[in-house]
Amino acid sequence: MLARCFLCVMVFAAATLARADEPASDDGAQERTTGLPSKGTWTFNFDAGAGAFGFDNSLYANPKPDPSGNLSDNWLESYIKPALSADIGLDGGSAVFGKLSAVGERTFSAPPTLVGESASSLLAEDVYVGWRSGTSLGIGEDALQITLGRAPYKIGHGFLLSDGAADGGTRGGYWSGARKAWEYAGIGSFKAKGNTLEVFYLDRDELHDSDTHSKVWGANYELAIGENNTLGLTYLKTQSKTLSARDGMDVYDARAYVAPFRALPDLSFELEYAQEENGEALSSSGWTAQIAYTLSKVGWTPQISYRYAFFEGDDPSTPKSEAFDSLFPGFYDWGTWWQGEIAGEYFLANSNLISHMVRIHLKPSEKLGFGFIGYQFTLDHPESFAPGVTSDDVASEIDAYLDWKVNGNFTASFVLAYAEPHEAIEQGFGRTDAMRYGMVYLAYAF
């Protein structure tokens, strides 16, 4: 009930803000205002999306931290997200800011025999306040910033930390992933001359029926060298009431996103390595390396890239677990960090997995971009994948995607994907038929 009332307030705010922009009528009536404080900048946003999904020979194994809700072969998803934010300057050059938003999601049109009742929810999303220094400290614009409440936070390209809230299951919206804010976040950041130091505490907003009570605190440092080079170091300490290997785990992460050669500005590299340690319970690692080259002087600006990713799997012959804990990755770009629109979204996790990815992306115009991605998936330890599995050969997949910016508000995305199961899938799940997948998604942003 509270969430519904909150949504009504946000919609009402949108209406009043819109009316405030209308000119006064000719009859001399007084111009209507928003009713909000005149000091500061108030912004209303409204995001929405709807998609149709079709799957042939589907296979679901809940690879994400949150279960899918046992989707059928064909289903629909939709979401809305109204938001109101404020930025108010203070005497001395600093400012306070805040944001309120809610997300309503739904998964529907799924056969009851496979799914049961459709899933939907309407819950608060962003509810946070913050302060930033502006020019008050005399050491650079917004050198210090503090944020408290339900807020989003991500590190780098979302290799470990990005998705602060659960979607899917009883909430609906498994693919849409409209929720991003952590249930509670305390974030402090200091920036000076290309250096950024952040300290944080994060409590994930999880589904009630699969709540691991996961919390993360740590520190993140990044060094920006020019516009195209960023180096980063992160330390995480995790807690969980239900996952013993995660409870008390230390994570050390190093990364580099660079285009290091001035003579070859179109050549770029991405490297990231994470080491996880938890006494006698866990010792594991995961890492990725990518090289990309953009033909910037060729029509449609093609970019060709190759990525190798390794996520350690558990060796059953040892008392300590070696299974990499992927924590809470998020979407950064197609194929990152859900690897494959079939495999990575629905049956393979970033643990006990080795992947090779080849991608070509083309951009005919500012409004249109499309590409093709090919994957080869193998296992680090086949015996940990499923009972009876001895082969490390999991699957191969090819995806085609297209993003079309219809106008300043609407974006349409289209996906076609084909995955061929290999020997490990046959041994573990008895599946030999190829999987086919299609998606059409329309998003609106105001």
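The values are calculated or read from the model by the stated rules, or taken from the named source; none is laboratory data. It should be emphasised that the depicted structure is a prediction, and the values quoted were computed from it without experimental measurement. When we count neighbours, we look across all protein chains shown, and the Cβ atoms used for this are built from the backbone with ideal geometry, even at glycine. Side chains are part of the model used for accessible areas, which takes the heavy atoms of the whole protein and leaves out ligands, DNA and RNA. Shrake-Rupley method; radii C 1.70, N 1.55, O 1.52, S 1.80 Å.
Residue by residue through the range 233-248, what is 3J(HN,Hα) from phi via Karplus (6.51 cos²θ - 1.76 cosθ + 1.60, θ = phi - 60°)? Round to whole Hz and write x for glycine and proline.
9, 9, 10, 10, 10, 10, 9, 7, 7, 10, 10, 5, 5, 7, 5, x
In whole Å, largest first, what are the principal axis extents of the Cα atoms in the range 112-175?
Cα spread of the range 112-175 along its principal axes, largest to smallest: 64, 25, 12 Å.
Give me Rg over Rh for the chain, both radii from the alpha carbons and Rh done the Kirkwood way, two decimal places. Mind dumping the intermediate values first?
Working: Rg = 23.3 Å, Rh = 23.9 Å.
Over the Cα atoms of the chain, Rg/Rh equals 0.98.
Given N residues in the range 273-394, what is Rg(Cα) / (2.2 N^0.38 Å)? If you can, show how the numbers build up before the last one.
Values: Rg = 17.0 Å, N = 122, 2.2 N^0.38 = 13.7 Å.
Dividing the Cα radius of gyration by 2.2 N^0.38 Å gives 1.25.
Taking θ as phi - 60°, what are the ³J(HN,Hα) couplings along the range 40-48 by the Karplus curve (6.51, -1.76, 1.60), each to the nearest whole Hz, with x for Gly and Pro?
Taking θ as phi minus 60°, the curve returns x, 10, 10, 10, 9, 10, 9, 10, 8 Hz for the range 40-48.
Determine which residues of the range 250-267 fall in the zone a paramagnetic label at E227 would reach in this model, i.e. backbone nitrogen under 13 Å from the point 7 Å along Cα→Cβ.
Label zone hits: 265-266.
Hey, what D do you get for the range 328-446 in µm²/s if you plug the Kirkwood alpha-carbon radius into Stokes-Einstein at 37 °C and 0.692 mPa s? Intermediate values should be presented prior to the final figure.
On the way: Rh = 15.5 Å.
Using the Kirkwood radius from Cα pairs, D works out to 212 µm²/s.
Ordering W334, W217, W131 from largest to smallest accessible area (1.4 angstrom probe), what's the sequence? Please list the in-between numbers first.
Numbers: W334 20, W217 115, W131 75 Å².
The ordering from most to least exposed comes out as W217, W131, W334.
Do the sum for the chain: with -39,500 (n - 2.57) for every DSSP H run of n ≥ 4, divided by all residues, what is the mean residue ellipticity at 222 nm, to the nearest 500 deg cm²/dmol?
My calculation for the chain gives -2000 deg cm²/dmol from helical runs alone.
Whenever you get a sec, line up I225, I155 from highest to lowest accessible area (probe 1.4 Å, protein heavy atoms). Numbers along the way, then the final one.
Numbers: I225 85, I155 15 Å².
Most to least solvent-accessible, the answer reads I225, I155.
Which pairs in the list K154/K191; K99/K154; K193/K237; K180/K215; K99/K191 are over 19 Å apart, alpha-carbon to alpha-carbon? Don't jump to the answer; show the numbers that get you there.
Values: K154/K191 16 Å; K99/K154 17 Å; K193/K237 28 Å; K180/K215 15 Å; K99/K191 22 Å.
Exceeds cut-off: K193/K237; K99/K191.
What is the angle, in °, between the Cα long axis of helix 2-20 and the longest principal axis of the Cα atoms in the chain? Nearest 10 is fine, range 0 to 90.
Between the helix axis and the principal axis of the chain, the angle is about 50 degrees.
Specify the inter-centroid distance of the range 324-388 and the range 39-97, based on alpha-carbon positions, in whole Å.
Using only Cα atoms, the two centres lie 21 Å from each other.
Please identify which residues in the range 126-164 have an amide N closer than 16 Å to a label point set 7 Å out from the Cα of H213, following the Cα→Cβ vector.
Zone members listed by number: none at all.
Using a Förster distance of 51 Å, how high is the FRET efficiency between L243 and L368, based on the Cβ-Cβ distance and rounded to 0.05? Display every interim value, and only then the final one.
Numbers: r = 43 Å, r/R0 = 0.84.
Once rounded, the FRET efficiency stands at 0.75.
Using alpha-carbon pairs under 8 Å, 6+ residues apart, how would you state the relative contact order of the chain in percent? Write out the running numbers ahead of the final one.
On the way: 1197 pairs, mean separation 51.3, N = 446.
Relative contact order comes out at 11 percent.
Determine the gain in length on full extension of the stretch Y308-N70; use 0.36 nm per residue of separation and subtract their C-alpha separation, reporting nm with one decimal.
Values: separation 238, 0.36 × 238 = 85.68 nm, distance 3.01 nm.
Additional length available on full extension: 82.7 nm.
Per residue Cα convex hull volume for the range 148-197, in cubic angstrom?
On the way: hull volume 4.7 nm³, N = 50.
Value for the range 148-197: 94 Å³ per residue.
Determine the distance separating the Cα centre of the range 259-301 from the Cα centre of the range 135-171; give it in Å without decimals.
Centre-to-centre (Cα) distance: 22 Å.
Using a 1.4 Å probe on the protein heavy atoms only, what accessible surface does L223 show? Give it in Å² to the nearest 10.
Near enough 50 Å² of accessible area.
Starting from the Cα of E420, step 7 Å along the direction of its Cβ; do the same at V440; then give the gap between the two resulting points in nm.
2.9
Can you tell me the FRET efficiency between Y252 and S38 if r is taken as the Cβ-Cβ distance and R0 is 41 Å, rounded to the nearest 0.05?
Given R0 = 41 Å and the Cβ-Cβ separation, E is 0.25.
Report the full-extension gain for the segment S296 to Y332: residue separation times 0.36 nm, less the Cα-Cα distance, to one decimal in nm. Walk me through the numbers before you get to the answer.
Values: separation 36, 0.36 × 36 = 12.96 nm, distance 2.18 nm.
Working it through step by step, the gained length comes to 10.8 nm.
Would you mind working out the accessible area per residue for the range 298-446, using a 1.4 Å probe, and quoting it in Å²? Could the numbers behind the result be given before it?
Values: 6370 Å² over 149 residues.
Computed with neighbouring chains in place, this is 43 Å² per residue.
Explain nothing, just compute: Karplus ³J(HN,Hα) = 6.51 cos²θ - 1.76 cosθ + 1.60, θ = phi - 60°, for every residue of the range 154-160 in order, whole Hz, x for Gly and Pro.
Along the range 154-160, the couplings run 9, 10, x, 9, x, 4, 10 Hz.
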